[in-house]
1. List the lysines whose Cα sits under 30 Å from the Cα of Lys164, skipping any in the same chain fewer than 8 residues away.
2. If you build the Cα gyration tensor of segment 115-171 and take the root of 5 times each eigenvalue, what three semi-axes come out, in whole angstrom, biggest first?
3. Give the ranking of Arg179, Arg76 by solvent-accessible surface, highest area first, calculated with a 1.4 Å probe.
4. Would you work out if segment 35-185 is rounded, prolate or oblate? Take a ≥ b ≥ c from the square roots of the eigenvalues of the alpha-carbon gyration tensor; rounded if a/c is under 1.5, else prolate when a/b is larger than b/c, oblate otherwise.
5. Any idea how far the Cα center of segment 76-98 sits from the one of segment 48-67, in Å?
6. Among 162-174, 124-136, 91-103, 48-60, how do they line up by average Cβ neighbours within 10 Å per residue, starting with the highest?
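The values are calculated or read from the model by the stated rules, or taken from the named source; none is laboratory data. Just so it is clear, the structure is predicted and the values come from calculations on it, not from any experiment. Methodologically, a virtual Cβ is constructed for each residue, glycine included, from the backbone with ideal geometry; neighbour enumeration extends over all protein chains shown. Accessible surface is based on the protein model in full, side chains and every heavy atom, while ligands, DNA and RNA are left aside. Shrake-Rupley method; radii C 1.70, N 1.55, O 1.52, S 1.80 Å.
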Amino acid sequence: MVLLTALLAACGQRDAAPAGNPAPQAGPQVVASNGGSGSALDATTLAFAELVISTDGQAVKLLDLGAERATAPGLRSLAGALAAVRRTEMAQLQGVLDAAGVTYVDNHAGHDMPGMPTEVELVALSKAAPDFDAEFTRLTRAHLTESATVAESGAKSVPHAETKAVAAAMVEERESALRSLDALG
């Protein structure tokens, strides 16, 4: 949990003040919106939204593959349902960024982070004919477990009400999804 909080904090540091012009030390860092409309998001909210959009984007690739290729009907169905939820989360968080006038930047593209399927893993999975269901389940469990940790951190630390609500819903959904995955064996 401490590592995740540090990751969220580090993600928000990309807009740090230039050398010789230190950022204020009091209160949360605020990331100004594009266009100067006065709307802004704090660094934690921005970092959470960017991280979830990026990791959910990779998860959608995994889940779409599972919905198409899993041999167990229950696993195919779960994959499709989870992909739909990830797309909704991404749209909700993109809406938060859009409302604040902040352009989404995928600061995590190509990263090898826990629970975020890499392109190499996705290519290997697409070629894993006899072991597809087992490998898909392993990668999905890793995604659900790690994104539950991210969501819990967001639900506790994100001050932006709409984003906090998305994080809280994510916590519940990840717990339910893990139970469903466990029930499938």
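1. Excluding near neighbours in sequence, the set is Lys61, Lys156.
2. 31, 10, 8
3. So, going from the largest accessible area down, we get Arg179, Arg76.
4. Cα axes put segment 35-185 in the prolate bin.
5. 8
6. Order by mean packing, descending: 48-60, 162-174, 91-103, 124-136.
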